[in-house]
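Chemist: Below is a structure I'd like to ask you about.
The values are calculated or read from the model by the stated rules, or taken from the named source; none is laboratory data. This structure is a prediction, so every number in the text was calculated from the model and none was measured. Cβ placement follows ideal geometry from the backbone for every residue including glycine, while neighbour counts extend to all protein chains displayed. What goes into the accessible areas is simple: the full protein's heavy atoms, side chains included, and nothing from ligands, DNA or RNA. Shrake-Rupley method; radii C 1.70, N 1.55, O 1.52, S 1.80 Å.
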Amino acid sequence: METPYENPAEVAARYVDSIDRDRLAASLVDLIGLPSINPFDALPHDNTGERKVADYLAGRLQKLGWACRTTEFAPGRHNLIARLPGARTTGPGRSLMLAGHMDTVETTGYPGALAGTVRDGRVYGRGACDMKAALACYLEVAEVLAERATPLNGELLIAGVGDEEYRQEGAKALGESGLRADGVIIGEPTELKICHAAKGLAAYDLTVTGTATHGSVPHHGTNAILTAVDLLNSFTVYGDRLEHRHHHPLLGQPTVNIGVIEGGTKPNIVPSRCRVRFSRRLLPGETPAAVRAEIAEALGTPDDRRSWDLGDAWWTVEPYELPDGHPLGEVLRAAAAAGRVADTAPHGFPASSDAAYFGSPVLLFGPGSLAQAHSLDEWVAIDDMVTATAVYLRAALMMPKLASGTSGTSGTSGTSGTSERDEAP
Ligand SMILES: [Zn+2]
């Protein structure tokens, strides 16, 4: 048994040397082969829902001595929380959670999506980078710690989370359970960049109403599609305006995207209805209601000739930002620097994530790139998985440095060690 704290750098280097590249890739191939497609609003069936992945993670971790608990946060939808027992907490007890979502986007039009393959130093398949690669890295962390049989100075948790790709219900359930950690690392595909902030999202429907009439006498009606086109010009102006304000140092500007236009039934009927579905990325501090008001103002006022209704946001993901100077930032920076990660400066994650819902301070850092996520050719470089595993291991060994943490932006107080022990296995 080793004592890791006499010469931390030397010990960490030995841990990192124990990372087994082939085992790491094999874990990811296994995970890709276990379909866990997010069913969105449908009930889960064979290939959807997180159960298979949760069972696999629990099976592997239990063999390594971890205490695991799977919870069902909605019918057929699951989270997994695993805890490494035997923490040595001579100093102030600290806790670190390695978290990752177990669901993926769909596999339609993606031949061989579930046949994880290893080729030219990469692993291919649905979920390869978003984000089963990080789950495989967490398993490798557990394998290395088990081989070294060293009690960590703090509590290490692994969280497999459901429903990240839609409504973040898994992360919300975890946050509401009261489980807290002094630091959470989410291994989303950040290209091994440390992301201190993540954009949120709010989706809205704009419903335009006109008056239907015979297509041969269009002047007797009001064409809802033409009104919508008029309004789309206002969106363009609004989008241009966004480019010149709200600049966030890590996330840049918010953006707006028109995603869907639906309207009309036949070429010879003046359409009475048109629906425009759009989303707006949110910066920390912005709320869906305030953004809705801002867009309504940009669209102007409906009148007798042009009638529309802008609904409240029907799909939202909260933005997130780690408070400045939080020790989690320094822990991960030091762990990455020791692992020769080229860029250890703070970055922003442009996509939405679970970050805001844990109720604990969060950083995003993981292998793979958003350029491949959700694509029909998803892959991750095994070298990057090895690097990420080394950084997660070093961060776990540095847990005592998470002392004097403050809360995340969600308003939940930071705690010393994992709180609400009754809620965890
Ligand atoms: Zn993801």
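Chemist: If only one of Ala99, Ala82 is in contact with a Phe, Trp or Tyr (Cβ under 6 Å, 6 or more places away or on another chain) and under 19 Å from Ser177 (Cβ atoms), which one is it?
Modeler: Just a single option satisfies the conditions, and that option is Ala82.
Chemist: Right, next: If the Cβ limit is 6 Å and pairs must be 6+ apart or interchain, which residue in segment 214-237 that is aliphatic (A, V, I, L, M) pairs with which residue that is open to solvent by less than 70 Å² (accessible area, probe 1.4 Å) and in a helix (DSSP H, G or I)?
Modeler: Leu231/Leu299
Chemist: What are the pairs, 6+ residues apart or on separate chains, where a residue within segment 102-122 that is on the phi > 0 side of the Ramachandran plot has its Cβ under 7 Å from a residue that is at pLDDT below 95 and assigned to a loop (DSSP other than H, G, I, E, B)?
Modeler: Filtered contacts from segment 102-122: Gly109/Leu376.
Chemist: Restricting the search to segment 165-178, which residues are open to solvent by 10 Å² or more (accessible area, probe 1.4 Å) and assigned to a loop (DSSP other than H, G, I, E, B)?
Modeler: Correct list: Glu165, Tyr166, Arg167, Ser177, Gly178.
Chemist: Regarding segment 349-364, can at least one residue be identified that is farther than 25 Å from Leu152 by Cα, touching a Pro at 6+ places or on another chain (Cβ under 7 Å) and either modelled with pLDDT of 90 or more or of a type in the set (Phe, Trp, Tyr) (or both)?
Modeler: Yes: segment 349-364 contains one or more residues that are farther than 25 Å from Leu152 by Cα, touching a Pro at 6+ places or on another chain (Cβ under 7 Å) and either modelled with pLDDT of 90 or more or of a type in the set (Phe, Trp, Tyr) (or both).
Chemist: Right, another one. Would a scan of segment 370-382 turn up a residue that is away from the ligand (no atom under 11 Å from the Cβ), crowded, with 24+ Cβ neighbours inside 10 Å and either under 14 Å from the mean Cα position of the chain (by Cα) or modelled with pLDDT under 95 (or both)?
Modeler: So far as segment 370-382 goes, no, none of its residues is away from the ligand (no atom under 11 Å from the Cβ), crowded, with 24+ Cβ neighbours inside 10 Å and either under 14 Å from the mean Cα position of the chain (by Cα) or modelled with pLDDT under 95 (or both).
Chemist: Just wondering, is there one or more residues in segment 120-133 that are open to solvent by 10 Å² or more (accessible area, probe 1.4 Å), aromatic (Phe, Trp, Tyr) and either assigned to a loop (DSSP other than H, G, I, E, B) or within 16 Å of the ligand (Cβ to nearest atom) (or both)?
Modeler: Scanning segment 120-133 turns up no residue that is open to solvent by 10 Å² or more (accessible area, probe 1.4 Å), aromatic (Phe, Trp, Tyr) and either assigned to a loop (DSSP other than H, G, I, E, B) or within 16 Å of the ligand (Cβ to nearest atom) (or both).
Chemist: Give the residues of segment 61-117 that are assigned to a loop (DSSP other than H, G, I, E, B) and hydrophobic (A, V, I, L, M, F, W, C), sorted by residue number.
Modeler: Leu64, Trp66, Leu84, Ala87, Met102, Val105, Ala113, Leu114, Ala115
Chemist: Also: List the strands (runs of 3 or more DSSP E) inside segment 180-235, counting only whole elements, that have at least 2 residues being more than 15 Å from the ligand (Cβ to nearest atom).
Modeler: Here the list reads 194-198, 200-209.
Chemist: Just one of Leu98, Leu61, Leu28 is touching a Cys at 6+ places or on another chain (Cβ under 6 Å) and either buried (at least 22 other Cβ atoms within 10 Å of the Cβ) or hydrophobic (A, V, I, L, M, F, W, C) (or both); which is it?
Modeler: Unique residue meeting the criteria: Leu61.
Chemist: Let me ask another. I'd like to know if segment 394-413 contains one or more residues that are at pLDDT 90 or above, in contact with a Leu (Cβ under 8 Å, 6 or more places away or on another chain) and not hydrophobic (A, V, I, L, M, F, W, C).
Modeler: Among the residues of segment 394-413, not one is at pLDDT 90 or above, in contact with a Leu (Cβ under 8 Å, 6 or more places away or on another chain) and not hydrophobic (A, V, I, L, M, F, W, C), which makes the answer no.
Chemist: Exactly one condition in (1) more than 14 Å from the ligand (Cβ to nearest atom); (2) modelled with pLDDT of 95 or more; (3) part of a loop (DSSP other than H, G, I, E, B) is not met by Pro151; state its number.
Modeler: In the conditions (1) more than 14 Å from the ligand (Cβ to nearest atom); (2) modelled with pLDDT of 95 or more; (3) part of a loop (DSSP other than H, G, I, E, B), Pro151 misses (2) alone.
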